[in-house]
Amino acid sequence: MSQTITQPDNTRITLEKSADYRDSYANSVQVRLSIWDFFLVFGTLEQETPDQVRVDNFQGIYLSPQQAKALANVLNHNVAQYEQSFGTISLEGPGVQRFAVPSNGPVH
């Protein structure tokens with residue numbers, strides 16, 4: 001399946017789905033970085049007991065720093081639109097799992 005989009009400057013972009021394309025749901029994303037790239041690891045998180053969480057990772061995606069920044073901009077824009085339409089997204093309460101984030105870990 002392909003889709004063609006025409007940009008305001010008349011550039012035509014054709015979007016294609018490869019044979020191994022798939023849609024998946026993730027409620028866990030880990031971000032690892034190095035001097036050369038960002039590595040996003042997607043998975044599903046399940047709280048097995050009050051003090052035990054299991055994450056089943058199923059896909060890792062490498063991004064250049066430029067693409068990571070572009071993705072951050074697109075996500076921020078879309079989150080703002082979502083909140084304008086549906087209300088503020090809360091990061092507190094049931095269903096939100098928080099993990100400690102290293103503040104000054106090594107850069108590989």
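The values are calculated or read from the model by the stated rules, or taken from the named source; none is laboratory data. Just so it is clear, the model here is predicted, and its values are computed rather than measured. As a convention, Cβ positions derive from the backbone with ideal geometry for all residues, glycine included, and neighbour counts pool all protein chains shown. Note: accessible area is taken over every heavy atom of the protein model, side chains too, but ligands, DNA and RNA are not part of it. Shrake-Rupley method; radii C 1.70, N 1.55, O 1.52, S 1.80 Å.
Comparison of Leu45, Leu91, Leu71, Leu40 shows that the only residue that is in contact (Cβ under 8 Å) with a residue 12 or more places away in the chain, of a type outside the set (Val, Ile, Thr) and out of contact with any Ser or Thr (no Cβ under 8 Å at 6 or more places or on another chain) is Leu40. Here segment 17-57 is the region considered, the condition is being farther than 26 Å from Met1 by Cα and in a loop (DSSP other than H, G, I, E, B), and the residue that is most open to solvent (accessible area, probe 1.4 Å) is Trp36.
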